[in-house]
Amino acid sequence: MSPLPTFSTMAPEAGLKKALSLSRPDIIEEVKNSGLKGRGGAGFPTGMKWNFAAAARAEEKFIICNADEGEPGTFKDRVILQEHADLVFEGMTIAGKAVGATQGILFLRGEYTYLRPHLEAVLAKRREQKFLGKQILGSDLEFDIRIFMGAGAYICGEETALIEALEGFRGEPRNRPPFPVNTGFLGRPSVVNNVETLASAACILQKGADWWKAMGTEKSSGFKIFSISGDCQKPGVYEFPMGITVAQLLKEVAGEGAKAVQVGGASGQCIPASQFERTIAFEDIPTGGSIIVFGQQRDMLDVLHNFLDFFVDESCGQCTPCRRGNVKLLEGVELLKEGQCSMAYLKELCALGETMQIASKCGLGQSSPSAFLSVVHNFRAEIMGRTPSHV
Amino acid sequence: MLMTDRERLAGEIQALAEKHGKGRTALIPMVQEIKRKYQKIDSFAMQVIADQLGIHPVEVYSVVSFYAFLGSEAHGKYIIRLCRTISCDMQGKEGVMRQLENDLGITFGKTTVDGKFSLEWANCMGMCDQGPAMLVNEKLYTRVTPEKIHEILEECRRSFGVHATEQKEVHLV
Ligand SMILES: Cc1cc2nc3c(=O)[nH]c(=O)nc-3n(C[C@H](O)[C@H](O)[C@H](O)COP(=O)(O)O)c2cc1C
Ligand code: SF4
Ligand code: FES
């Protein structure tokens, strides 16, 4: 069985045909009504984003599909691109009509270079079939898509850093506002959406907002694609309705008995077993889809060490709270491992983490302390007063 | 570098600039293609790219040094990138690392003296359910175990000559 049952049952191009029969405001209205929120992590309402870009006046606008997928534990965008690239491109084309853009760019991470031949072939076929190009399916819609390869930087998943890379600069996030919907690629209004968001939008055009709203919760409508790895019997890609509890999810992947679950990747939260009845939804535990299961044998300090190594490596270095803060937290974890961290210093580190959440320029520095803070909060007995391993 | 080599490289860079549209947006795609063919971007290449795009060479260096896949240092024909992020870590990347270092006689961050292999760490590469994951240039290997390393390296050695010439033709303008 496909890990993506709903995407697999979509009628080819039905969403695009529907969009061609609707006016631009009606397309946006449908997406707005569905309540679809961005699948890249931040959860911004997609209809609203499209509406801002549609309202912006400019000669040129862009639809950018964010396939940078770098969050540790995330791989669902890769599977969506391998199995349902057409649906993603269909979603981009629909977005193009909705906002009045004629150009689309797929920003594909460098690590996924092996997907490129397949994606280029799908694009070529779509041009042949008149799903892309001038006069799409005989209408007056014009839209085409090209692929831009990333060059190995997690930060380029952040939408303004991504745009910097497209423009030929270092991937250093910009101040927001202005937002890309007004001042994006080359200063033009640009919609940046996640791979899954665009595929989901194509489904919504085909099946209607009510169909989507019937799934999930009131505030988090629809289904979500999850990437599940770590200590469970059946890791992989799964489709679940939003609002599923951590416990239900663990049951599906045969990971019961876990010690903790990291929801949202290295930038997310570490949920201890006592909270497994909480739900995965924007109103409770939000996620871009990364779920990492930790079995009883795992040392939470090793986990933090790994995450903080990642952030120290991937911080763009532009602002001090993130550039220095992650190094300080990493050193703190090393002290804890050596059993040499006083309670007073641990409190200082937590205060530092909270400062980073407020003072960092972009989402990387704002969310990198989350795992540290949740482990200190939930696993204090485990991390304090250690005997160093080499004694 | 011989003068003729330099002239050829300059010609290739010029052709790439034509292909990618001479603007600043061409910078990363151009560097990617040069790097793929020559395994490095030296100061001469950066100067020519800068001239073609009408920017200062330090701008080129600034971009090249930012991205993990562009770096100006020379590397081997085969860059082996092993994922060190959490899920691969829990699935045993440490053993794979040791075997790679043993079989190649170099540590991570280094290139073999014959210029064939470089070992580098990578962060999560989107294969977390099938770790440990590893990229050899663009080719992906999953569920890598220490005992599979020898065969993977042999595979590279066997295709060494073929591979190098193949890339020239396929990827340059
Ligand atoms: C450090 C960082 C990394 C990010 N990486 C990604 C990513 O790999 N893919 C993605 O879709 N969004 C990523 N985002 C979120 C994007 O900035 C942006 O919110 C998203 O692409 C918008 O699309 P959506 O509304 O469809 O979710 C990242 C954000 C931050 C701060
Ligand atoms: S928070 Fe970190 S990644 Fe973001 S701009 Fe600051 S230094 Fe760069
Ligand atoms: S953690 Fe290694 S591929 Fe994701």
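Each part reduced to its alpha carbon centroid, segment B:66-127 and segment A:268-310 end up 27 Å apart. The accessible-area ordering, largest first, of the residues A:Asp299, A:Asp68, A:Asp140 stands as A:Asp140, A:Asp299, A:Asp68, per a 1.4 angstrom probe.
Show A:Glu164, B:Glu147 ordered by accessible area, largest first, where the area counts protein heavy atoms only and the probe is 1.4 Å. Provide the component values of the computation, followed by the final result.
Working: A:Glu164 35, B:Glu147 145 Å².
The ranking, largest first, comes out as B:Glu147, A:Glu164.
Protein heavy-atom accessible surface, 1.4 Å probe, per residue over segment A:223-294: 30 Å². Here the Karplus curve 6.51 cos²θ - 1.76 cosθ + 1.60, taken at θ = phi - 60°, turns the phi angles of segment A:135-148 into couplings of 6, 5, 6, x, 8, 8, 6, 10, 6, 9, 10, 10, 10, 10 Hz, with x standing for Gly and Pro. What do you get for the angle between helix A:24-34 and the principal long axis of chain A? Use alpha-carbon atoms, 0 to 90 degrees, nearest ten. So the inclination is approximately 40 degrees. Relative contact order for chain A: 17 percent, from Cα pairs under 8 Å spaced at least 6 residues apart, divided by residue count.
With a 1.4 Å probe and every protein chain kept in, tell me what percent of the accessible surface of chain A is carbon plus sulfur. Can you show the working numbers first?
Numbers: 7470 of 14880 Å².
That share works out to 50 percent.
Solvent exposure of A:His377, expressed as accessible area, is near 140 Å², computed with a probe of 1.4 Å over the protein chains only. At the residue level, A:Ser374 shows approximately 20 square angstrom of accessible surface with a 1.4 angstrom probe and all protein chains present.
Just counting partner chain Cβ atoms within 10 Å, what average do the residues of peptide B:58-70 show around their Cβ?
Values: counts 0, 3, 1, 0, 2, 7, 2, 1, 13, 9, 9, 9, 4.
Counting other chains' Cβ atoms within 10 Å and averaging over B:58-70 gives 5.
The residues of segment B:71-93 occluded by other protein chains by 20 Å² or more of accessible area, set against the chain on its own, are B:Arg84, B:Thr85, B:Ile86, B:Ser87, B:Met90; surface from heavy atoms, 1.4 Å probe.
The dipole here belongs to segment A:300-384: it is taken about the Cα centre, uses +1 on the Cβ of Lys and Arg and -1 on the Cβ of Asp and Glu, and is about 300 debye.
Give me the accessible area buried between chains B and A, both sides summed, with a 1.4 Å probe, in Å² rounded to the nearest 100.
Values: alone 9590 and 16280 Å², together 22920 Å².
By this definition, chains B and A bury close to 3000 Å².
Cysteines in chain B lacking any other cysteine Cβ under 4.7 Å from their own Cβ: B:Cys124, B:Cys128, B:Cys156. Just the protein heavy atoms count here, and of the accessible area of segment B:28-173 at 1.4 Å, carbon and sulfur take up 51 percent. Largest first, the three principal axis extents of the alpha carbons in chain A are 75, 43, 37 Å in whole numbers.
Label zone (B:Thr145, point 7 Å along Cα-to-C-beta; backbone nitrogen cut-off 19 Å) within segment B:59-99: B:83, B:88-99.
Out of all DSSP beta bridges with both ends in chain A, state the antiparallel percent to the nearest 5.
Working: 18 of 40 bridges.
Given both bridge residues lie in chain A, the antiparallel proportion sits at roughly 45 percent.
Hey, what angle do you get for helix B:93-104 against the long axis of chain B, alpha-carbon based, 0 to 90 degrees rounded to 10? The angle comes out at about 70 degrees.
Using the heavy atoms of the protein chains and a 1.4 angstrom probe, tell me the accessible area per residue for segment B:20-173 in square angstrom. Can you show the working numbers first?
Values: 6740 Å² over 154 residues.
Per-residue value: 44 Å².
I'd like to know which of A:Met300, A:Thr387, A:Thr6 lies farthest towards the positive end of the charge dipole of chain A, counting +1 on Cβ of Lys and Arg and -1 on Cβ of Asp and Glu. After comparing all options, I get A:Thr6. Karplus-derived 3J(HN,Hα) values for segment A:14-19, using 6.51 cos²θ - 1.76 cosθ + 1.60 with θ = phi - 60°, are 5, x, 5, 4, 4, 4 Hz; glycine and proline are entered as x.
Gain in length, B:Lys110 to B:Glu18, computed as 0.36 nm per residue apart minus the alpha-carbon separation, to one decimal in nm? Intermediate results must be reported in sequence, preceding the final value.
Numbers: separation 92, 0.36 × 92 = 33.12 nm, distance 3.47 nm.
Working it through step by step, the gained length comes to 29.6 nm.
Tell me, what is the FRET efficiency for A:Lys134 and A:Glu252 to the nearest 0.05, using R0 = 45 angstrom and their Cβ-Cβ distance as r?
Details: r = 46 Å, r/R0 = 1.02.
After rounding, the FRET efficiency stands at 0.50.
Legend: residues in segment A:301-338 shielded by at least 50 square angstrom of accessible surface upon adding the remaining protein chains to the isolated chain (1.4 Å probe, heavy atoms) are A:Asn306.
Per-residue SASA remark: A:Met242, around 10 Å² accessible (1.4 Å probe; ligands, DNA and RNA not included). This model, with +1 at the C-beta of Lys and Arg and -1 at the C-beta of Asp and Glu, gives the protein assembly as shown a dipole about its Cα centre of some 660 debye. The contact residues of segment B:106-139, meaning those that lose at least 10 Å² of 1.4 Å-probe accessible area when all protein chains sit together rather than their chain alone, are B:Asn123, B:Cys124, B:Met125, B:Gly126, B:Met127, B:Cys128, B:Asp129, B:Leu135, B:Glu138. Under the criterion of Cα pairs below 8 Å and six or more residues apart, the relative contact order for segment B:72-129 equals 49 percent.
The values are calculated or read from the model by the stated rules, or taken from the named source; none is laboratory data. Predicted model, so just to flag it, every value in this text is computed and none were measured. Every residue, glycine as well, gets a Cβ built from its backbone with ideal geometry; the counts of neighbours run over all protein chains shown. The accessibility values were calculated without ligands, DNA or RNA, using every heavy atom of the protein model including side chains. Shrake-Rupley method; radii C 1.70, N 1.55, O 1.52, S 1.80 Å.
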